[in-house]
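Below is one structure, written out as structure tokens; comments come after it.
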Amino acid sequence: MGFPKNFMWGAASAAYQVEGAYNEDGRGMSIWDSLSAGHVEHGDNGNKACDHYHHFKEDIALMKQIGIKAYRFSVSWPRIVPKKGVVNAKGLAFYRELVDELVKAGIEPCVTLYHWDLPMWIYDEGGWKCEAVSDYFAEYTKLVIDALSDKVQYWMTFNEPACMIGLGYMLGIHAPFERHMDDQAEMEDVVGRTSRNVLLSHGKSAAVIRKYAKKTSKIGMALNGSVITPWSESEEDIEAAKADMFSQERSVFSFDFWANPVLGGELHPILKKVISEQDLAVIRQPFDFFGINCYSSSNYDDAPDKPNSHEIPGMPRTAMNWPVTDDALYWAAKFCYERYGLPIMFTENGMANCDMLFRDGKVHDPQRIEFLGRYLTGLHRAVSEGVPVIGYMYWSIMDNFEWAFGYDKRFGLIYVDYPTEKRVLKDSAYWYRDVIASNGENL
Ligand code: GCO
């Protein structure tokens with residue numbers, strides 16, 4: 001048994017990382033525009049990025065050349081609602097055109113409503129700490145639904161709430177760069193309040209999607225969390241890995257932290273303190289598919305006192321320094337399906353590599369091809385064992401602004417020469433094209 005016939009072979013991006021055009025056509029400022037100075041390598045920012053805002057037709061033509069069947073992108077909230085009470089028609093028109101162009105190219109649009117670019121006007125009211133944010137998010141959702149839902153079926157309310165809160169409000173390395181790690185009570189208070197608002201936002205937004213979008217719409221979140229791979233396939237090792245992966249000690253970086261309030265499992269103690277039964281009635285808008293962003297198994301880099309910690313000296317690592325762990329997708333799919341019982345979509349997976357434009361005019365990236373070959377073989381195994389996986393979105397369709405790392409880290413299938421905005425398909429893009437054409441049977 002191989003990949004299903006209609007498997008969504010895709011690639012992903014996010015608005016702030018690719019679009020640029022930060023002050024054009026009525027776009028407002030986001031927390032990344034206004035707060036990231038001093039927090040990003042080389043002082044880079046997303047002002048211009050890949051200028052996808054102006055190159056989207058060319059980019060979709062390249063996607064078509066690769067043969068991808070689905071494209072996951074995010075809508076920039078400050079492009080749609082630049083100021084309180086203001087709706088930017090030009091912002092909506094941009095996404096409308098983008099979706100039209102994708103549909104014309106035979107590519108399924110998959111929309112993420114929030115990929116980290118909170119409008120600055122909401123931050124000024126308290127950001128994810130402010131009670132009103134979930135109503136604002138529902139209002140914004142309605143605008144996007146009215147503009148796009150005749151042609152869009154796949155919706156993700158949030159991308160990686162674990163990182164929004166863990167990196168944005170605990171460690172302070174992503175916008176809004178607030179560090180609340182040093183005092184346990186303060187950390188629990190901030191994480192509790194912000195996470196509750198994110199979950200309420202999901203619930204209210206999903207209710208809007210269900211009410212106003214096509215009845216066939218599918219709703220999910222692109223979640224990330226620790227993925228723990230067992231050291232052997234003995235029952236004992238498998239059970240140990242599973243217990244560790246869903247342990248409450250992993251806090252916001254456990255899938256359970258985000259999935260349980262939505263799907264009906266036990267709440268993490270931090271959430272128990274702040275989420276009421278009334279809240280739960282709003283939050284419980286179950287997913288139709290379980291979105292997973294997965295790059296690596298966490299236990300290769302865990303602290304030595306963690307139960308499955310296992311450092312292998314000199315093991316292969318990507319340019320992010322993340323270990324290359326071949327079976328990560330296999331175990332992520334297996335464990336999450338067993339636990340949540342939902343069809344799975346890998347909403348992100350990929351690697352940063354030391355890519356360069358070679359003197360022959362091409363971008364040779366054998367490491368990425370090998371990485372993909374290994375990870376997709378694991379995915380193929382999961383599918384063959386009967387785990388329902390509906391899609392795989394490579395991160396990223398093109399090189400882009402990698403948050404605090406700026407432009408140093410290249411994840412793309414398409415190389416971007418930033419000074420000229422010229423695009424070049426990497427070798428891995430051609431390789432992925434062949435995988436897609438054979439529906440994964442050539443792996
Ligand atoms: C993520 C982020 C992406 C990153 C990618 C590589 O969801 O973590 O969504 O924006 O670029 O993961 O770090």
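The values are calculated or read from the model by the stated rules, or taken from the named source; none is laboratory data. All figures in this text were calculated on a predicted structure; none of them were measured in a lab. Using ideal geometry, Cβ is built from the backbone for each residue, glycine included, and neighbour counts are taken over all protein chains shown. Just the protein is used for accessible areas: all its heavy atoms, side chains included, with ligands, DNA and RNA removed. Shrake-Rupley method; radii C 1.70, N 1.55, O 1.52, S 1.80 Å.
This table checks each residue for (1) touching a Ser or Thr at 6+ places or on another chain (Cβ under 7 Å); (2) surrounded by fewer than 18 Cβ atoms within 10 Å (Cβ to Cβ).
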{"position": "Ile60", "(1), (2)": "no, no"}
{"position": "Ile68", "(1), (2)": "no, no"}
{"position": "Arg72", "(1), (2)": "yes, no"}
{"position": "Val75", "(1), (2)": "no, no"}
{"position": "Val81", "(1), (2)": "no, no"}
{"position": "Lys84", "(1), (2)": "no, yes"}
{"position": "Lys90", "(1), (2)": "no, yes"}
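When region 105-135 is filtered for residues that are assigned to a strand (DSSP E or B) and open to solvent by less than 10 Å² (accessible area, probe 1.4 Å), the ones remaining, listed by number, are Pro109, Cys110, Val111, Thr112, Leu113, Tyr114, Pro119. Evaluated against (1) of a type in the set (Phe, Trp, Tyr); (2) touching a residue at least 40 places away in the same chain (Cβ under 8 Å); (3) farther than 20 Å from Lys422 by Cβ; (4) open to solvent by 10 Å² or more (accessible area, probe 1.4 Å), Phe56 falls short on exactly one condition, (3). Consider Trp258 carefully, then state whether it is touching a residue at least 12 places away in the same chain (Cβ under 8 Å), open to solvent by 70 Å² or more (accessible area, probe 1.4 Å) and within 16 Å of the ligand (Cβ to nearest atom). The answer is no for Trp258. Could you pull out the residue among Leu102, Leu62 that is touching an Asp or Glu at 6+ places or on another chain (Cβ under 9 Å) and assigned to a helix (DSSP H, G or I)? Sole residue among the options that is touching an Asp or Glu at 6+ places or on another chain (Cβ under 9 Å) and assigned to a helix (DSSP H, G or I): Leu102. Of all residues in region 7-52, those that are in a loop (DSSP other than H, G, I, E, B) and in contact with a strand residue (DSSP E or B) (Cβ under 8 Å, 6 or more places away or on another chain) total 6. Taking region 269-288, which residues are in contact with a Leu (Cβ under 7 Å, 6 or more places away or on another chain), part of a loop (DSSP other than H, G, I, E, B) and either surrounded by fewer than 19 Cβ atoms within 10 Å (Cβ to Cβ) or free of Cβ contacts under 8 Å to residues at least 40 places away in the same chain (or both)? Correct list: Pro286 only. When Asp146 is tested against (1) loosely packed, with under 15 Cβ neighbours inside 10 Å; (2) of a type in the set (Asp, Glu); (3) assigned to a loop (DSSP other than H, G, I, E, B), exactly one condition is not met: (3). Looking at Asp100, Asp51, which is the one that is open to solvent by less than 60 Å² (accessible area, probe 1.4 Å), at negative phi, more than 16 Å from the ligand (Cβ to nearest atom) and charged (D, E, K, R)? One residue alone meets the criteria, Asp100. For residues that are more than 16 Å from the ligand (Cβ to nearest atom), under 18 Å from the mean Cα position of the chain (by Cα) and in a strand (DSSP E or B), tally how many sit in region 339-390. Adding up the residues that qualify gives 3. For beta carbons closer than 9 Å, sequence separation of 6+ or different chains, a first residue in region 162-183 that is under 13 Å from Tyr114 (Cβ atoms) and a second that is polar (S, T, N, Q) and surrounded by fewer than 19 Cβ atoms within 10 Å (Cβ to Cβ), the qualifying pairs are Ala175/Ser34. Scanning region 215-249 for residues that are outside any helix (DSSP H, G or I), farther than 20 Å from Gly291 by Cα and open to solvent by 50 Å² or more (accessible area, probe 1.4 Å) yields Trp231, Glu233.
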